[in-house]
Amino acid sequence: MNQFLIATHSTLAEGLVHAVHFFNSEATNVHYLNAYVEDNEFEKALRAKLDEIPDGNLVVLTDLAGGSVNQIAARLMQEKPFILVTGINFPLVLEMIYQSEDITADLAAEIVERAKAEMLCMNTLSSETSEEVDEDDEL
């Protein structure tokens, strides 16, 4: 079974897990770690959290590619094998947790690409849609 650890600056990780539970209250395989909220010893906290998570296919999700949370997680991949995905959004998190098969690096990359497509500027999307409708009206 896939196990997930969402680790982010401040309380974003906790918020994402609460949102996951809104959609799937039985998702016991989703864990979180809020970085730099209670102290500045994130690496120590991450090591402890990784040790707590049940064995299984582990996926760690972080918020910022250049941030310390992701940099520390990337270093720890050398010690404990896991898939690391950064720059997460909620569609990505949902798709990840609903996967029934083990998440590999290749599958994670596919999910990342689909999650990117979920990021839209509705203002420009609305104007593009309006222009298409106007063009159709001219026919």
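The listed residues are Ala109, Ala73, Ala65, and the only one of them that is under 15 Å from Leu46 (Cβ atoms) and over 11 Å from the mean Cα position of the chain (by Cα) turns out to be Ala73.
Counting only residues that are out of contact with any Gly (no Cβ under 9 Å at 6 or more places or on another chain), buried (at least 18 other Cβ atoms within 10 Å of the Cβ) and of a type in the set (A, V, I, L, M, F, W, C), region 18-55 holds 7 of them.
Counting only helices (runs of 4 or more DSSP H) that fall entirely inside region 58-139 and contain at least 3 residues that are among the small types (Gly, Ala, Ser) and either open to solvent by 60 Å² or more (accessible area, probe 1.4 Å) or at pLDDT 95 or above (or both), the qualifying elements are 68-76, 105-116. For first residues located in region 46-63 and touching a residue at least 24 places away in the same chain (Cβ under 8 Å) and of a type in the set (A, V, I, L, M), partners that are open to solvent by 50 Å² or more (accessible area, probe 1.4 Å) and not in a strand (DSSP E or B) and lie 6+ apart or on another chain with Cβ distances below 9 Å form the pairs Leu50/Glu79; Leu50/Lys80; Leu58/Lys80; Leu58/Pro81; Val60/Met77.
The number of residues in region 1-40 being part of a loop (DSSP other than H, G, I, E, B) and either basic (Lys, Arg) or touching a residue at least 12 places away in the same chain (Cβ under 8 Å) (or both) comes to 8.
The values are calculated or read from the model by the stated rules, or taken from the named source; none is laboratory data. Everything quoted here is computed from the prediction, not taken from an experiment. Note: ideal-geometry Cβ built from the backbone for every residue, glycine included; neighbour counts use all protein chains shown. Calculation scope for accessible area: heavy atoms of the full protein, side chains included, ligands and nucleic acids excluded. Shrake-Rupley method; radii C 1.70, N 1.55, O 1.52, S 1.80 Å.
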